[in-house]
1. To the nearest 0.05, what FRET efficiency results for Gln55 and Thr7 with a Förster distance of 30 Å applied to their C-beta separation?
2. In Å, what is the Rg of the alpha-carbon atoms in segment 1-121, and how long is Dmax?
3. State the number of lysine pairs found in the chain whose Cα atoms come within less than 26 Å, restricting to pairs 8 or more positions apart or on distinct chains.
4. Residues in segment 33-74, backbone N under 18 Å from the label point at Asp140 (7 Å along the Cα-to-beta-carbon vector): list them, ranges by number please.
5. In nm, to one decimal, how far is the Ser62 label point from the Ser46 one, both placed 7 Å along Cα→Cβ?
6. Classify segment 15-68 as rounded, prolate or oblate from the Cα gyration tensor: take a ≥ b ≥ c as the square roots of its eigenvalues, call it rounded if a/c is under 1.5, otherwise prolate when a/b beats b/c and oblate if not.
7. Quick one: grab the alpha carbon gyration tensor of segment 124-163, order the square roots of its eigenvalues as a ≥ b ≥ c, and give me rounded if a/c is under 1.5, else prolate or oblate depending on whether a/b is larger than b/c.
8. For segment 86-180, which GluC sites (Glu not before Pro) pass both filters: DSSP loop (anything but H, G, I, E, B) and at most 11 other C-beta atoms within 10 Å?
Amino acid sequence: MKIYTKTGDDGTTSLAGGSRLPKHSIRIEAYGTVDELISWIGLISSLPENNSRKQFLVEIQSRLMHCAAILASGPGARTEKMVAPSARDIEGLEQAIDMMESGIDPLNSFILPGGSVPVANIHVGRCVCRRAERAVLRIDGEVPVNPLIVKYINRLSDYLFVLARKVAAETGIDQPKWIP
């Protein structure tokens, strides 16, 4: 099977199920941004600072792959193997957030993303996650979106924010505070 099909040369792409949309459609933007987020989580999981969290981050990638597949499914698509995030998945993120927060100082001001390359990369992933959430919400009026997908992506951005703070604390990085 060749990677190129030439069917997208006209500016359209196909959804699972066979229907086609313009590549600039908000639906393509939504699952494309989730795909970008999957790649950022891959980068974040590859950081040596996250060796102990690697498996959890790979599980997050898997959940996001299901989300992207669901968002990329049109009429007639076979969706029986596509599993939206569950309430338990969201609780898993919340538990991870709570565990990380218990080991770092409380936040008493806004911080500027950065301080080190690993921390900055996690913050970029968080920003992509927020963009993915906005993109998914934009298509909700056009295509019904499982609310657990939205909730999972929202909670994931919280997780990434706390993960950046945790990695900074573990590596002795003082994240710059925003002083207005």
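Values in this text are rule-based calculations from the coordinates and carry no lab data. What you see is a predicted model, and the numbers here were worked out from it, not measured in a lab. Neighbour counts run over all protein chains shown; Cβ positions are idealised from the backbone, glycine included.
1. On the way: r = 37 Å, r/R0 = 1.23.
Computed FRET efficiency for Gln55 and Thr7: 0.20.
2. Cα only, segment 1-121: 18.3, 55 Å (Rg, Dmax).
3. Going through the chain pair by pair, I get 11.
4. Counting only backbone N, you get 33-34, 67-68, 70-72.
5. About 2.1 nm, to one decimal.
6. On the way: a/c = 4.85, a/b = 2.59, b/c = 1.87.
Prolate is the answer for segment 15-68, as a/c is 1.5 or above and a/b outweighs b/c.
7. Working: a/c = 4.81, a/b = 1.94, b/c = 2.48.
Oblate.
8. Values: sites: Glu91, Glu94, Glu101, Glu133, Glu142, Glu170; in loops: Glu142.
Those that pass, being in a loop and sparsely packed, are Glu142.
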